[in-house]
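Notes follow once the structure below has been shown.
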Amino acid sequence: MTDRLKIDYCGIEFRNPIVTASGTFGFGYEYDEYAPLSEYGGIGTKGLTRKPREGNKPPRIAETPSGVLNSVGLQNPGVDVFAEHIMPALSEQFDTHVIANMSGNTIEEYAEMAEILSGTDAAIIEMNISCPNVKHGGLAFGTDAAVVEELTREVKKRCKKPLVVKLSPNVTSVAEIARAAEAGGADGVSLINTLLGMKIDINTRRPILANNTGGLSGPAVRPVAVRMVHEVYNAVNIPIIGMGGAICAEDVIEFMLAGARLVALGTGLFMRPGMIFDIKQGLVDYMDKFNINNISEIVGKLELNQ
Ligand SMILES: Cc1cc2nc3c(=O)[nH]c(=O)nc-3n(C[C@H](O)[C@H](O)[C@H](O)COP(=O)(O)O)c2cc1C
């Protein structure tokens, strides 16, 4: 569309700052009919685990005001299928960077997966330490700064691609966890994953989700996400992928002003799978309005009230 949207992230050039959030975009190809994948800067693929997973029992999606509660529980075909079949097909058919998301039960599993994914065409490996919907691993890793630092350091030893650590909002200080990831050698951080929530059927007195709790996403969480991106931007020097309820160009700009270099679209794609076109146009209109040459100029340019 225009070079003015080009932006680098971890030394990789993205044609624009818009990517997709893991778990909301499958492995990409099912969305290609709404907008060619080459319209995005990159795509985040469904969270992979060492072995295939069926995920949690249904119901595992519930609508909430301006949001969605999900307890999918990392349903995926496993990292080997991705490395052997899905990633080669993606790179043959589509011209876009792939951010491969992974989740482990142990440090060894995370490290092994990073090694396997390093042998693929994925541009970036995103390490999910923040899934609220699995019993072991996931969030258990993401809430303790010392564990995050050690995990990141061990995974980095076997990771040959830029490693982005995906942070949870379900912590007291997201900045402290981001600093731990940076200290462990992370090349970037992404945030936010979903906020732990619950919805109750008042007639049965039972939670709607079979898993009882789930992760909240969508516009309802956006102000929390923007605040956390701002806090992390002030805490670390590694680049940020911001996400949480972005559904239009104004939202993407908000995340970038708060400090994100890339912004992921997630739950909003369920409503408007082709929204990438309007969003890119909106970014260009904003740049025209404020005489901005390249979109990277706005990253972190939030001016706080005194
Ligand atoms: C149905 C669903 C599945 C998700 N699966 C994953 C996943 O596998 N790995 C991951 O890191 N995040 C996962 N997420 C979290 C999203 O990537 C994102 O961090 C979160 O939804 C906030 O962005 P959004 O409000 O734009 O959706 C999932 C979210 C949803 C709604």
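The values are calculated or read from the model by the stated rules, or taken from the named source; none is laboratory data. Small disclaimer: the values here were computed from a predicted structure and weren't measured. As a convention, Cβ positions derive from the backbone with ideal geometry for all residues, glycine included, and neighbour counts pool all protein chains shown.
Looking at the stretch 216-234, can you tell me whether even one residue there is more than 25 Å from residue 283 (Cβ to Cβ), at pLDDT 95 or above and touching a Gly at 6+ places or on another chain (Cβ under 9 Å)?
Yes: the stretch 216-234 contains one or more residues that are more than 25 Å from residue 283 (Cβ to Cβ), at pLDDT 95 or above and touching a Gly at 6+ places or on another chain (Cβ under 9 Å).
Report yes if some residue within the stretch 169-187 is without any contact (Cβ under 8 Å) to a residue 24 or more places away in the chain, outside any loop (DSSP other than H, G, I, E, B) and more than 19 Å from residue 229 (Cβ to Cβ); otherwise report no.
No.
I want to confirm something. Restricting to the stretch 177-212 and keeping residues that are away from the ligand (no atom under 14 Å from the Cβ) and polar (S, T, N, Q), which single residue is nearest to residue 164 (Cα to Cα)?
Ranking the candidates gives 212 first.
Every residue in the stretch 124-144 that is at pLDDT 80 or above and surrounded by 19 or more Cβ atoms within 10 Å (Cβ to Cβ), please.
Matches in the stretch 124-144: 124, 125, 126, 127, 128, 129, 130, 141, 142.
Would you mind telling me which numbered condition in (1) hydrophobic (A, V, I, L, M, F, W, C); (2) within 19 Å of residue 74 (Cβ to Cβ); (3) over 14 Å from the mean Cα position of the chain (by Cα) residue 191 fails?
(3)
Can you name the number of the only condition in (1) buried (at least 24 other Cβ atoms within 10 Å of the Cβ); (2) within 12 Å of the ligand (Cβ to nearest atom); (3) within 19 Å of residue 42 (Cβ to Cβ) that residue 240 fails?
So the condition that residue 240 fails would be (2).
Against the conditions (1) more than 13 Å from the ligand (Cβ to nearest atom); (2) over 24 Å from residue 93 (Cβ atoms); (3) touching a strand residue (DSSP E or B) at 6+ places or on another chain (Cβ under 6 Å), where does residue 42 fall short? Just the number, please.
It is condition (2) that residue 42 fails.
For the stretch 21-76, enumerate the residues that are closer than 19 Å to residue 252 by Cα and of a type in the set (D, E, K, R).
Scanning the stretch 21-76 gives a single hit, 39.
Using the structure shown, decide if residue 218 is at positive phi, buried (at least 19 other Cβ atoms within 10 Å of the Cβ) and within 16 Å of the ligand (Cβ to nearest atom).
Yes, satisfied.
Kindly list the number of the only condition in (1) in contact with a Pro (Cβ under 8 Å, 6 or more places away or on another chain); (2) in a strand (DSSP E or B) that fails for residue 101.
Of (1) in contact with a Pro (Cβ under 8 Å, 6 or more places away or on another chain); (2) in a strand (DSSP E or B), only one is false for residue 101: (1).
Mind checking which strands (runs of 3 or more DSSP E) fall wholly inside the stretch 7-82 and carry at least 3 residues that are on the phi > 0 side of the Ramachandran plot and either surrounded by fewer than 20 Cβ atoms within 10 Å (Cβ to Cβ) or in contact (Cβ under 8 Å) with a residue 12 or more places away in the chain (or both)?
none
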